[in-house]
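Asker: Take a look at this one; I'll ask things after.
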Amino acid sequence: MNNSVTNTARLLMAGLRALLVLTLVTGVIYPLAVTGIAQGLFHGGANGSEITADGRVAGSSLIGQQHYSLDYFQPRPAHGLGSNTVNTRYKLIVSGATNLAADNPKLVASVEAAKAAVVKENSTADYRVRPSQVPPDAVTSSGSGLDPDISPAYAALQVHRVAERNHLSVAQVDRLVRDHTTGRTLGFIGEPRVNVLELNIAVKELASGT
């Protein structure tokens with residue numbers, strides 16, 4: 001009887017010691033180590049890849065924002081994103097793809113309407129956008145609906161409008177687009193891209209002379 005109680009107590013103490021050690025290792029030491037490494041090597045990413053403007057957080061470089069003012073570059077179409085300005089946090093309501101087939105009449109109608117809007121909105125007094133110039137990312141959303149980037153082709157299509165509305169030269173705005181164009185990751189992964197929020201902040205700063 002005494003041996004049975006002693007063995008049980010020994011097993012319980014062993015289990016308790018294992019619990020305490022594993023809690024310390026996996027619940028304290030490991031999280032602190034991972035957090036320390038992330039903060040040291042990937043500080044920006046570990047803190048949300050924040051973009052600041054005028055001393056405030058304007059958003060994240062990883063999350064797209066809808067901008068309803070045609071004074072600025074427009075992102076890919078998205079649903080579920082609240083309105084914002086360049087200098088306020090985004091208001092996320094819901095995100096997601098349409099999940100419609102390529103030949104779905106609803107999607108086809110949406111793309112055609114978006115293309116017509118892009119042509120109309122980006123045509124200026126001295127520059128006419130042709131429907132053939134409209135790239136796919138100008139009329140379709142990404143899988144998440146939160147893509148922060150657009151293609152250089154879509155950015156270039158918007159240059160004349162942004163320049164006209166901000167009283168800047170086309171050359172000035174075109175230079176901003178080139179400066180904010182990122183090439184393929186490692187030289188071969190993905191496609192060249194332009195971060196819309198970063199570009200819009202640069203436009204605002206240039207237009208205001210700051």
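The values are calculated or read from the model by the stated rules, or taken from the named source; none is laboratory data. Note that the structure is predicted; figures quoted are calculated from it, not measured. Cβ sites come from the backbone with ideal geometry, for glycine too, and all protein chains shown count toward neighbours.
Asker: Suppose we filter the range 159-210 for residues that are of a type in the set (Gly, Ala, Ser) and part of a helix (DSSP H, G or I); how many remain?
Answerer: 5
Asker: State whether one or more residues within the range 167-176 are in contact (Cβ under 8 Å) with a residue 60 or more places away in the chain, closer than 20 Å to SER123 by Cβ and out of contact with any Ser or Thr (no Cβ under 6 Å at 6 or more places or on another chain). Walk me through how you get there before you give the answer.
Answerer: Looking only at the range 167-176, we keep the residues that are in contact (Cβ under 8 Å) with a residue 60 or more places away in the chain, and these are none.
No, the conditions are met nowhere in the range 167-176.
Asker: Now for a separate question. Would it be correct to say that GLU121 is touching a residue at least 12 places away in the same chain (Cβ under 8 Å), assigned by TED's automatic domain parsing to the domain that holds ASP71 and in a loop (DSSP other than H, G, I, E, B)? Break it down stepwise before answering.
Answerer: Working: touching a residue at least 12 places away in the same chain (Cβ under 8 Å): yes; assigned by TED's automatic domain parsing to the domain that holds ASP71: yes; in a loop (DSSP other than H, G, I, E, B): no.
Here the answer is no, as GLU121 does not meet what is asked.
Asker: Checking GLY187 against (1) of a type in the set (Gly, Ala, Ser); (2) at pLDDT 90 or above; (3) over 21 Å from SER69 (Cβ atoms), only one condition comes out false. Which one?
Answerer: Answer for GLY187: the failing condition is (2).
Asker: In addition: From SER69, SER132, grab the single residue that is more than 18 Å from VAL194 (Cα to Cα), in a loop (DSSP other than H, G, I, E, B) and either at pLDDT below 90 or out of contact with any helix residue (DSSP H, G or I) (no Cβ under 9 Å at 6 or more places or on another chain) (or both).
Answerer: Details: SER132 fails: in a loop (DSSP other than H, G, I, E, B).
Going through SER69, SER132 in turn, the sole match is SER69.
A quick yes/no check of all residues on (1) under 15 Å from the mean Cα position of the chain (by Cα); (2) surrounded by fewer than 17 Cβ atoms within 10 Å (Cβ to Cβ):
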| position | (1), (2) |
| --- | --- |
| SER151 | yes, no |
| VAL162 | no, no |
| ARG165 | no, yes |
| LEU186 | no, yes |
| LEU199 | yes, no |
| GLU205 | no, yes |
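Asker: Looking at (1) over 30 Å from PRO135 (Cβ atoms); (2) surrounded by 10 or more Cβ atoms within 10 Å (Cβ to Cβ); (3) polar (S, T, N, Q), which one does SER4 not meet, given that it meets all the others?
Answerer: (2)
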